[in-house]
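This report refers to the structure that appears directly beneath it.
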Amino acid sequence: MILGIKKLHELVNNIALVEGLCDRELNSPEGAGFDLRLGTVYELDGEGFLGVTERETPKSTAVAEYDAGGSEDENFFVFKPGKYYLIKTVEKVNLPTALSGVIFPRTTMFRSGLALFNGIVQPGYSGELTFGICNLGGSNIKVSMGARIVHITFHEVLGEGNQYQGQWQGGRVSTEEKETQI
């Protein structure tokens with residue numbers, strides 16, 4: 001079951017389900033979830049490894065960050081055609097074990113040629129959310145830092161959910177070196 005706005009606002013107030021929501025999401029959100037904003041853009045460099053028990057991601061470097069006091073005309077990032085980036089939200093989620101989050105791109109993203117790569121937000125996860133994004137179109141796409149880019153819905157976990165214990169807890173973007181997977 002997808003939780004409605006009334007319940008979500010109650011959870012935001014009572015357990016800080018989502019921290020850092022903009023005024024629009026606090027006062028007049030659309031649908032049955034919240035829009036989350038572009039906080040940081042990362043470029044990737046180097047090789048990665050995904051093994052059975054170990055992994056190492058390419059190194060990530062922040063190349064643009066949201067500045068709450070900056071102007072929309074000055075605080076933006078240009079996604080270049082064919083290039084893959086990682087992006088992180090402004091907002092932080094704090095899921096109890098009874099909820100999971102499902103992420104959808106806002107339709108303007110794919111109407112502009114931007115493809116989102118994302119997964120489910122596991123019960124018990126706390127932190128900013130990181131996604132992959134690739135400009136599949138042929139033109140540069142300029143996006144204001146702080147623009148609404150994804151929509152998150154929250155779903156009740158029937159039965160018992162397990163606390164997320166993965167190494168991405170807290171909003172980490174990439175590994176420092178090769179590590180053993182939990």
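The values are calculated or read from the model by the stated rules, or taken from the named source; none is laboratory data. Keep in mind it's a predicted model, so treat the numbers as computed, not measured. We place every Cβ from the backbone using ideal geometry, glycine too, and count neighbours over all the protein chains shown.
Kindly check whether there is at least one residue in region 84-102 that is among the acidic types (Asp, Glu), part of a strand (DSSP E or B) and either within 18 Å of the chain's Cα centre (by Cα) or surrounded by 15 or more Cβ atoms within 10 Å (Cβ to Cβ) (or both). Within region 84-102 (the criterion being among the acidic types (Asp, Glu), part of a strand (DSSP E or B) and either within 18 Å of the chain's Cα centre (by Cα) or surrounded by 15 or more Cβ atoms within 10 Å (Cβ to Cβ) (or both)), the answer is yes, since at least one residue qualifies. Residue-level check: of (1) modelled with pLDDT of 95 or more; (2) under 25 Å from THR153 (Cα atoms), ALA68 misses just (1). The listed residues are LEU38, LEU116, and the only one of them that is at pLDDT 95 or above, under 15 Å from VAL173 (Cα atoms) and either aromatic (Phe, Trp, Tyr) or assigned to a strand (DSSP E or B) (or both) turns out to be LEU38. Inside region 54-66, residues that are among the charged types (D, E, K, R) and within 17 Å of the chain's Cα centre (by Cα) make up a count of 1. Taking residues in region 1-18 that are basic (Lys, Arg), and partners anywhere that are surrounded by 13 or more Cβ atoms within 10 Å (Cβ to Cβ), the pairs with Cβ atoms closer than 9 Å and at least 6 places apart or on different chains are LYS7/PHE154. Scanning region 29-83 for residues that are free of Cβ contacts under 8 Å to residues at least 40 places away in the same chain, surrounded by 11 or more Cβ atoms within 10 Å (Cβ to Cβ) and among the acidic types (Asp, Glu) returns a single hit, GLU30. Of the candidates LEU44, LEU129, LEU136, the single residue that is within 26 Å of GLY20 (Cα to Cα), at pLDDT 95 or above and of a type in the set (A, V, I, L, M) is LEU129.
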